[in-house]
There are 2 protein chains.
Amino acid sequence: MELLKVDTIESAREKLIHAMQEKKPEKIRVESNKSLGYVLAEDLLAQEPVPSFRRSMVDGYAVKSADTTGASENLPVLLEIVEEVSMGVPSHGSVKNGTCAYVPTGGMIPEGADAVVMEEYCEMFDKHHLAVYDPVAYGKNVVSVGEDIRRGELVIKKGTRIRPQEIGVMASLGILDAMVYEPWTITILSTGDELVPPFVQPLPGEVRDINSYALKAQAEVCGLKVQNVMVYKDDREVIKEAVVQSLNRSDLVILSGGSSKGKKDATSQIIDEVTDGNTLVRGLALKPGKPSIFGYDRSRAALAAGLPGHPVAAMLVFELLIVWLYKHMTHQKEGPSLFARMTANLAGAPGRATCQLVRLLKKEQEYYAEPVYGKSGLITTFTKADGYLMIGQNQEGVKKDQQVEVFFLS
Amino acid sequence: MELLKVDTIESAREKLIHAMQEKKPEKIRVESNKSLGYVLAEDLLAQEPVPSFRRSMVDGYAVKSADTTGASENLPVLLEIVEEVSMGVPSHGSVKNGTCAYVPTGGMIPEGADAVVMEEYCEMFDKHHLAVYDPVAYGKNVVSVGEDIRRGELVIKKGTRIRPQEIGVMASLGILDAMVYEPWTITILSTGDELVPPFVQPLPGEVRDINSYALKAQAEVCGLKVQNVMVYKDDREVIKEAVVQSLNRSDLVILSGGSSKGKKDATSQIIDEVTDGNTLVRGLALKPGKPSIFGYDRSRAALAAGLPGHPVAAMLVFELLIVWLYKHMTHQKEGPSLFARMTANLAGAPGRATCQLVRLLKKEQEYYAEPVYGKSGLITTFTKADGYLMIGQNQEGVKKDQQVEVFFLS
């Protein structure tokens, strides 16, 4: 019976997108040189052409190309040098038939010139004249106005997570600030009577808390703003109150823990109560990660999620649903993936999609994916992994040597 | 003649490694929960086993497995319930033949029990007795002490750049701090008479400075510590003094600009002078990126590099030499790559390796690499690219449909 109620990843994603329509990330303006890692919330158009003047691609002489027709080692063309252009200053002269001007790489090409002869093909004939030994074609070594970027051209797409090269483009266009998505804020609550902090030596029956640390780091890596991280013993009323308080302040509230049956019910009840019955997803058809619960709190406009207590399951569900949702809502494109060949057969789980951690091995122009197993799904399986692959719920499995798509964690 | 003096990427790398032997990154201790993005400087060994007590993988009853032999729907085995183990507390009881104890997922398995029957296969017979309907194998649903991590096991390798999962592993093992490499400090100097800051409307002949912004962001992404960023007009003495001052304070000093001939010589002279003649590399057999100069200043124990002024060339040389060197010296493994099929023929450059930016296209279980061209090598070619490929200096080129390795920028 319970299987009938769980959602596939796809249907869970749809429900989350639908619920979060009223909770789309806000747009804020940030300084371009502090925008690394933010996600652009608008298309950036060039307000001016690049280059804004005709530039030379080489150190050489700006000429009228027709003047060089027929030039050769034996019969050089002689041109009068009328100007020496310096970097960073405009050319005030003009090149007419029979004349030329020196221009350094990146320098401004004088009016009238239509090509630049590399200095390697020239020689000073006397103080004021240049011998050109090679003909140059019209337009050669010239970058025209707007040749790199036309005025009004789309230079960076909305949804781009800003990298160093985007910072460079913004600098080149004089774009001093940009509209980006304000990262969703997140509170992470790790729960369990068995949990002790890392600095405590656990007694028999106790374990050190992992999820509050790992999920916090994962949220940071994908660009979310971590507002608060808390660890609670299993006290239903205390946890519920913490969730309510967190929903008041954060866009996302993640509750992890409670994989055992009684606690799963408690998490489910808490999410039901705090969202006023608006639980969207009650279990995922996913291995690992089945005991995942998502609810949307309309009055506080915030998402509450209950993730499994197992760290690997918690991190994978976080990646596949929360990170995915954030990327989707900020128009980011799918993360990087690669195709690799399986080193072993791998069975799927009937009626559930399987998310399998794999290690990548590079051999002779090809990547191989080797499944990383871990009996109890502990976190070390994750540190040995480079990525993960998905086996569909209607797929029996993947075979040794089969080509699979491996995704990297964001 | 000049071609004879330039270094291949490989020989340049070797020279840099050799020079930087006395400048290996220092080791510092950081708190584990603040270590995201740092590079581990020592192997991390588990000081204790995980789990540190026998845990149950399911909600169920801890039993002696031999007791369940022959159990069936028709003929259940009856066991006396002697304990109900709670999460986070030790089991004080012991399971003997004919008895059992309730254990939640993750709970401690009492002494004497050797397997856990899932509660789905049991039913309460009366207040103190359990009916078991299915035999359970020895060891089933039990995670033994040290099964995930043995005491003394290598859990995270030196040279690992710390991700969320490593933070999780450190938390689980009570590793509160770790030795990491102290990032090299870097100063970036962008030079050129033509450069104006992004907020200035360039006059004819002027361009906005890109490199100081893009290289700074690139340094940050790879984990270097940016100490200072400066932009200078082409004044040889001023630049030389700035380089000297920077070498006193930073491990790496990057000078970019000066692609035109006269300026390249000036950069070369400055690096010669400040390193007391210890210029290691005077030009790279690389397209783009030929006018790159590297010197090691022994007295100040710092590397001085002159990169091309073209932003794309500067960023690629930064990636292939500076980032590569930092990763090598901190024992990081090669960055991620994938294999893709070329969408077009691409010629190499005679006598030089070629670094070509490519866009990745995913079609039917395969990635295709499409070269991104840009006449003057401006930065927009970079924003359109997903990665780059290398064509060796003795390689004629790569053919359409050929499989190539595409590297991502760090």
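The values are calculated or read from the model by the stated rules, or taken from the named source; none is laboratory data. Worth saying up front: this structure is predicted, and the values here are computed from it rather than measured. Using ideal geometry, Cβ is built from the backbone for each residue, glycine included, and neighbour counts are taken over all protein chains shown. These accessible areas exclude ligands, DNA and RNA; they are computed on the full protein's heavy atoms, side chains included. Shrake-Rupley method; radii C 1.70, N 1.55, O 1.52, S 1.80 Å.
Across identical copies of the chain, A:ARG359 has label-point separations of 3.8 nm, listed in ascending order, with the point defined 7 angstrom from Cα along Cα→Cβ.
The other copies place their A:GLU10 label points at 4.9 nm from this one, listed shortest first, where each point is 7 Å from Cα along Cα→Cβ. What whole-number distance in Å separates the alpha-carbon centres of the range B:224-244 and the range B:280-294? A separation of 20 Å, based on Cα centres. Cross-link pairs exceeding 32 Å between alpha carbons, from the set A:LYS27/B:LYS384; A:LYS233/B:LYS140; A:LYS363/B:LYS400; A:LYS23/A:LYS400; A:LYS216/B:LYS225: A:LYS23/A:LYS400. Karplus-based coupling profile of the range A:348-361, in residue order and whole Hz: x, 10, x, x, 9, 6, 10, 10, 10, 6, 9, 9, 9, 10, with θ = phi - 60° in 6.51 cos²θ - 1.76 cosθ + 1.60 and x standing for Gly or Pro. Note on A:LYS400: accessible area is roughly 120 Å² with a 1.4 Å probe, heavy atoms of protein only. Considering only chain A, the C-beta nearest to the rotation axis that sends A to B is found at A:LEU338, 2, the distance in whole Å. Can you tell me the orientation of helix B:211-221 relative to chain B, as the angle in degrees between its alpha-carbon axis and the longest Cα principal axis, to the nearest 10? The angle comes out at about 20 degrees.
Once both labels are positioned 7 Å from their Cα atoms along Cα-to-Cβ, the gap between B:GLU42 and B:ALA66 label points is 4.7 nm.
Accessible surface for B:LEU154 stands near 70 Å², nearest 10, in the context of the full protein assembly shown (1.4 Å probe). The residues of the range B:55-143 present an accessible area of 48 Å² per residue when probed at 1.4 Å with all protein chains retained.
Nearest 100 Å², what total accessible surface is buried between chain B and chain A (probe 1.4 Å)?
Rounded to the nearest hundred, the buried surface is 6900 Å².
For A:VAL229, the accessible area of its heavy atoms, probed at 1.4 Å with every protein chain present, is near 50 square angstrom. In the protein assembly as shown, Rg over Rh equals 1.07, where Rg is the alpha-carbon radius of gyration and Rh the Kirkwood radius from pairwise Cα distances.
For B:ALA115, nonlocal amide neighbours, meaning residues 5 or more places apart or on other chains whose placed amide H falls under 5 Å from its own, are B:VAL63, B:SER65, B:GLY139.
Relative to the longest principal axis of the Cα atoms of chain A, the long axis of helix A:164-173 makes an angle of roughly 50 degrees. Accessible area per residue (1.4 Å probe, heavy atoms of protein chains only) ranks A:SER250, A:SER299 as A:SER299, A:SER250, with the largest value leading. Within a Cβ distance under 10 Å of A:LEU286, other residues only, what is the Lys/Arg minus Asp/Glu net charge? In short, +2. Taking every alpha-carbon pair under 8 Å whose residues sit at least 6 apart, the range B:55-143 reaches a relative contact order of 43 percent.
Scaled to the globular estimate 2.2 N^0.38 Å, the Cα spread of the range A:55-143, given as radius of gyration, is 0.94. For the pair A:ASP126 and A:GLU22 in one chain, pulling the backbone fully straight at 0.36 nm per residue adds 29.9 nm over the alpha carbon distance. Computed on the Cα atoms alone, the convex hull of chain A gives a volume of 202 cubic angstrom per residue. Positive-end ranking of A:LEU45, B:ALA219, B:TYR121 along the dipole of the protein assembly as shown, with charges on Cβ about the Cα centre, is headed by B:TYR121.
Surface listing: B:GLU237, A:GLU364 arranged by accessible area from highest to lowest gives A:GLU364, B:GLU237, probe 1.4 Å. The local environment of A:VAL95, defined by Cβ-Cβ distances under 14 Å, has a net charge of -3 under the rule Lys, Arg +1 and Asp, Glu -1.
Efficiency by 1/(1 + (r/R0)^6): what FRET value for A:LYS384 and B:SER299, r their Cβ-Cβ distance, R0 = 41 Å, to the nearest 0.05? My answer for the efficiency is 0.40. The antiparallel fraction among DSSP beta bridges confined to chain B stands at about 65%. Which whole-number percent gives the relative contact order of chain A, counting Cα pairs below 8 Å spaced six or more residues apart? Contact order relative to length: 16 percent.
In this structure, the residue pairs whose Cα-Cα separation is over 32 Å, taken from A:LYS157/A:LYS399; B:LYS24/B:LYS287; B:LYS15/B:LYS240; A:LYS5/A:LYS240, are A:LYS157/A:LYS399. Listed values for the range A:127-140 are Karplus-derived 3J(HN,Hα) couplings in whole Hz (6.51 cos²θ - 1.76 cosθ + 1.60, θ = phi - 60°), namely 4, 10, 10, 10, 9, 9, 9, 8, x, 10, 7, 3, x, 4, and x replaces Gly and Pro. Placing the label point 7 Å from Cα along the Cα-to-Cβ direction, what are the distances from B:GLN245 to the equivalent spots in the other copies, shortest first, in nm to one decimal? Distances to the matching label points in the other copies: 5.0 nm. If you sort the three axes of the alpha carbon gyration tensor as a ≥ b ≥ c, you get a/c of 1.5 or more for the range B:337-407 and a/b no higher than b/c, which makes it oblate. Hey, how many Å between the Cα centroid of the range A:300-370 and the Cα centroid of the range B:307-374? Taking the Cα centre of each part, the range A:300-370 and the range B:307-374 sit 26 Å apart.
Which value in deg cm²/dmol, rounded to the nearest 500, describes the helix-derived mean residue ellipticity at 222 nm for the protein assembly as shown, given -39,500 (n - 2.57) per DSSP H run of n ≥ 4 and division by the residue count?
-5500 deg cm²/dmol
For the range B:13-48 versus the range B:102-169, the spacing of their alpha-carbon centroids is 35 Å.
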